[in-house]
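Let me begin by presenting the structure, written as structure tokens, before commenting on it.
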Amino acid sequence: MLELVEDFILVKDLKKSVIEEFAAKVRGKIIFPEDAEYDDARKLYNAMIDKHPGVIVKCADVADVIYAVNFGRENHLAVAVRGGGHNGGGLGSCEGGLVIDLSGLKFVRVNTDKKTVQVGGGNVWAEVDHATHAFGLAVPAGIISSTGVGGLTLGGGVGYLARKYGLTIDNLLEADMVLADGSFVTVNATKNEDLFWAIRGGGGNFGIVTSFTFQAHPVTNVFGGPTLWPIEKTNEIMKWYHEFLSNAPDELNGFFATLVIPGPPFPAHLHNKQFCGIIWCYSGDLDKAKEIFKPIMAMNPLFEHVGVMPYPAMQQLFDGLFPPGLQWYWRADFFNELNADISGKHLEFGSKIPTPLSQMHLYPVSGAAGRVKKDATPWAYRDAKYAGVIVGVDPDPSNATKITKWCKDYWEALHPFSSGGAYLNFIMNEGQDRIKASYKHNYDRLTKIKRKYDPENFFRINQNILPS
Ligand SMILES: Cc1cc2nc3c(=O)[nH]c(=O)nc-3n(C[C@H](O)[C@H](O)[C@H](O)COP(=O)(O)OP(=O)(O)OC[C@H]3O[C@@H](n4cnc5c(N)ncnc54)[C@H](O)[C@@H]3O)c2cc1C
């Protein structure tokens with residue numbers, strides 16, 4: 001039986017000389033609570049989470065990451081790793097410990113011969129999209145471009161290109177990592193294969209990724225945008241959507257949503273009303289787009305704004321609505337089907353969305369994402385058709401209870417109809433059982449790999465996989 005270190009030493013209790021020795025090694029910036037930039041540096045995207053780390057190290061290079069890992073391990077500190085800082089549960093920070101902030105570790109190199117892209121461990125997706133678009137390429141990612149490459153990729157990565165090209169992890173070819181013992185390794189299909197398997201869905205449990213190499217695909221412009229119907233039509237539209245998408249080509253993607261139109265750029269007559277809708281993205285031959293969209297338009301949406309746009313514009317469509325600093329509460333589940341019981345719950349809770357930015361999304365994980373074997377990566381729910389997420393969102397902290405309650409109630413009503421687990425990047429802290437349920441048959445293998453590479457559970461501020 002392993003003895004796991006449960007009690008951390010606080011940074012503030014370390015000897016001055018220990019900190020000075022560490023600071024002398026590091027090239028990046030070291031920020032303490034007394035520094036002017038501390039409050040800015042500790043802020044997370046989700047303002048509902050307010051953590052006060054003992055020190056933040058903004059790593060300038062891989063060497064800084066190695067020194068920081070060694071400093072954290074040798075001094076028994078709680079260590080959080082921060083990529084884009086978007087995680088709903090605030091896993092990019094910790095109380096009183098060390099935050100290894102990767103935001104200075106940015107580069108994007110496109111290899112046009114191989115159509116691959118090498119990306120720093122601290123990049124955000126907007127930077128990748130910008131660099132690849134110039135070459136007519138794209139890497140499957142999420143739908144908000146300020147999200148970190150690190151956290152999104154290591155958790156799975158669901159977005160507009162999932163049906164055509166798979167999840168983000170299905171396009172990961174190689175990674176460079178700093179492990180818990182401070183060693184540096186490269187992982188790919190032939191080197192450290194077990195670790196390469198584990199990081200494609202196993203989150204930040206196995207080490208710090210300093211560089212990702214992805215397969216990119218020929219995507220330049222897409223045909224997409226929202227189609228909306230009054231919330232009262234949820235049953236009819238959801239049934240149609242499920243059947244239509246199940247028979248559509250992989251190039252067509254569209255996530256179903258219940259939402260409120262919060263304001264501009266949408267027309268005034270829609271503001272503050274509840275809708276069900278689909279945000280489409282068609283990444284196939286644009287000459288065929290109008291034909292593909294004919295059955296969609298035949299459903300007579302109350303509002304539609306679909307057309308050709310550059311892929312990065314599609315990726316940024318909702319960035320403006322969701323700036324950093326809002327209150328967020330997250331719940332999620334996978335779904336295999338969308339039957340009348342399910343759509344009835346969406347109608348019920350979609351009709352009482354508590355604040356203009358609170359929403360429910362169902363992201364298709366069918367097509368190419370669904371054709372990958374269930375044990376090829378830790379992502380166990382390859383047979384699920386949708387990754388569902390409910391988010392209570394509002395700028396005002398005094399609405400935190402209201403958005404949390406709506407989100408929990410919505411989730412509790414739907415959970416009995418779900419597949420059991422959730423996409424772990426879409427939940428906050430729901431404990432070990434939920435993590436196990438989400439990795440299902442892959443959990444045991446993950447715990448063995450965790451034991452091999454991180455037996456003391458050094459990397460534990462994440463959706464934690466316990467060493468077996
Ligand atoms: C507005 C919004 C929209 C989103 N949309 C999508 C979406 O469309 N599709 C989707 O799949 N997800 C989406 N997500 C969820 C997102 O994937 C997770 O929040 C993810 O954790 C964010 O990664 P990050 O690097 O920004 O987060 P962080 O908070 O920085 O990190 C999250 C976790 O990843 C670990 N981590 C981050 N970088 C590294 C690294 N380089 N090496 C090792 N560990 C690392 C951290 O330690 C932490 O445990 C969205 C989130 C938000 C807030």
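The values are calculated or read from the model by the stated rules, or taken from the named source; none is laboratory data. Keep in mind the model is a prediction, meaning the values are calculated, not measured. Note that each Cβ is placed from the backbone with ideal geometry, even for glycine, and that neighbours are counted across all protein chains shown. Side chains included, ligands, DNA and RNA excluded: accessible areas come from the protein's heavy atoms. Shrake-Rupley method; radii C 1.70, N 1.55, O 1.52, S 1.80 Å.
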Everything considered on the Cα gyration tensor (a ≥ b ≥ c; rounded for a/c under 1.5, else prolate if a/b is larger than b/c, else oblate), segment 324-375 must be described as oblate
How tilted is helix 62-74 with respect to the longest principal axis of the chain? Cα atoms for both, answer in degrees (0 to 90, nearest 10). 70 degrees
About the Cα centre, charge dipole magnitude for segment 350-453 (Lys/Arg +1, Asp/Glu -1 at Cβ), debye: 640 debye
Calculate what fraction, in whole %, of the accessible area of segment 196-324 sits on carbon and sulfur atoms when a 1.4 Å probe is rolled over the protein chains. 57 percent
Kirkwood Rh over Cα pairs of segment 102-154 into Stokes-Einstein at 10 °C, 1.306 mPa s: D in µm²/s? 143 µm²/s
Checking the a/c ratio against 1.5 first, then a/b against b/c, what shape does the Cα gyration tensor give for segment 328-425? prolate
D (Stokes-Einstein, µm²/s), Kirkwood Cα radius, segment 157-198, 1.002 mPa s at 20 °C: 186 µm²/s
Between I30 and K374, Cβ-based FRET efficiency (R0 51 Å, step 0.05) works out to 0.70
Carbon and sulfur atoms account, in whole percent of the 1.4 Å probe accessible area of segment 355-436, for 54 percent
Once you sort the root eigenvalues of the Cα gyration tensor of segment 1-151 as a ≥ b ≥ c, which label holds: rounded (a/c under 1.5), prolate (a/b larger than b/c) or oblate (the other case)? prolate
Rounded to whole Å², per residue accessible area for segment 311-468 with a 1.4 Å probe reads 38 Å²
If one compares the long axis through the Cα atoms of helix 443-453 with the longest principal axis of the Cα atoms of the chain, the angle in degrees, nearest 10, works out at 30 degrees
Neighbourhood charge, 14 Å Cβ-Cβ cut-off, centred on R382 and excluding it, Lys, Arg +1 and Asp, Glu -1: +4
Over segment 17-91, with every protein chain in place, what whole percent of the accessible area is carbon and sulfur at 1.4 Å, could you tell me? 49 percent
For segment 108-259, what is the Kirkwood estimate of the hydrodynamic radius, computed as the reciprocal of the mean inverse distance between distinct Cα atoms, to one decimal in Å? 16.8 Å
Which one of V110, N253, F426 has its Cα pushed farthest toward the positive end of the charge dipole of the chain, where Lys and Arg give +1 and Asp and Glu give -1 at the Cβ? N253
Starting from the eigenvalues of the Cα gyration tensor, five times each then square-rooted, give me the equivalent ellipsoid semi-axes of the chain, largest first, whole Å. 37, 24, 21
Percent of Cα-Cα distances greater than 20 Å, calculated over segment 373-436: 36 percent
Going highest first, how would you order 303-316, 16-29 by mean Cβ packing within 10 Å? 303-316, 16-29
Averaged over every viewing direction, what's the projected area of the C-alpha convex hull for segment 6-58? Give it in nm², one decimal, please. 4.8 nm²
Calculate one ³J(HN,Hα) per residue across segment 225-230 by plugging θ = phi - 60° into the Karplus curve 6.51 cos²θ - 1.76 cosθ + 1.60, and present them in order as whole Hz with x for glycine and proline. x, x, 10, 10, 10, x
Which angle from 0 to 90°, rounded to the nearest 10, does the C-alpha axis of helix 16-25 make with the longest principal axis of the chain? 70 degrees
